[in-house]
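This report concerns only the one structure given below.
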Amino acid sequence: MSEHIATAAIRSDYPEPLWVQAADLIVGEVESGVLRPGARLPPERELCQQLGISRVTLRKALTHLVEQGVLSPSHGRGWYVSDTATSSSSPAKDWPNNLESFSETAARMGLVATSRVLSAEVHPASIDEGEELQLAPGSPLFVLDRVRLLGGMPIAVNRDKVPEALLPDHAAIDFSVESLYDHLADNGVHPARADSTVEAIAAGEMLAASLELEPGKPVLVLTQLVFDADEKPVLSSVIQYSGDRYRLRTQFARTTARRPR
């Protein structure tokens, strides 16, 4: 007996391809326990009707999930949830728990990351900036403001601050298409970890215009201080994501506490 897939919105106006959204939906059903290991998915025709996608799109999603170890095909019988399917089998669509650049995340999702550069300039580090990045106040700081796009759709507004000494060739870089992380690596700077916070705010008029939103719409703000392997701060970043185009997925584990005796 096949299981029913919960109806969910697959949006043609999202930057993620339809097959990625379909794959993510199926993985969500596996992770939530609705689809258990060994369960058979509904017939393809029924799945296409439930999800509102073509059979070609569905086949791409199912084939991808087989490659990820989430599903197993059975010739003439259909598609089954793999006995080894776990939350760690999630497709590469999810925003990561590990540190990676916007461009690297986009590549995993099968999307093309581009940027609209708002400004790229050097200014003297303020006292607060110097304290954050362990610089003397007044040290040259390269500040890069960009609108980040996936598939041509604005996803976020990003401000990066880097000590100019770590990126001396910044004036020759086309940041509309090139990765800041890649160029840091070219200069021997390798981000290793980040202290991060996430909060929700309402978009002001300028931010809303950059993200093509109505003012007041929700925006998720990701603030990061990035360190290298020697625990030296190398990058300060603030990324303001459109709330309806960004999902942060993480995991929480409950430790077993000792009961008082």
Checklist entry - Ordered by packing density, taken as the mean number of other Cβ atoms within 10 Å over each peptide's residues, highest first, how do 56-66, 183-193 rank? => result 56-66, 183-193
Checklist outcome for this item: Residue-ordered couplings for region 111-125, obtained by feeding phi - 60° into the Karplus form 6.51 cos²θ - 1.76 cosθ + 1.60 and rounding to whole Hz (Gly and Pro as x), are 10, 9, 8, 9, 9, 10, 6, 8, 6, 8, 8, 10, 9, x, 5
Next on the checklist: I'd like the distance separating the alpha-carbon centroids of region 122-136 and region 144-204, in whole Å.
Outcome noted: 17
Next on the checklist: With every protein chain kept in place and ligands, DNA and RNA left out, what is the accessible area per residue of region 145-214? Probe 1.4 Å, answer in Å².
Outcome noted: 49
Item to check | Ranked packing of 154-160, 198-204, most packed first, by mean Cβ within 10 Å | outcome: 154-160, 198-204
Next on the checklist: Under 5 Å between amide hydrogens, which residues at least 5 positions from residue 39 or on another chain qualify, with H placed 1.01 Å from N in the peptide plane?
Outcome noted: 81
Checklist entry - What ranking do 134-146, 168-180 get when scored by the average of other Cβ atoms within 10 Å per residue, highest first? => result 134-146, 168-180
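The values are calculated or read from the model by the stated rules, or taken from the named source; none is laboratory data. These numbers were taken from a predicted model, which means no experiment stands behind them. Because the Cβ atoms are built from the backbone with ideal geometry, glycine has one as well, and the counts that use them run over all protein chains shown. The protein model used for the area step is the full one, side chains on, heavy atoms only, and it has no ligands, DNA or RNA in it. Shrake-Rupley method; radii C 1.70, N 1.55, O 1.52, S 1.80 Å.
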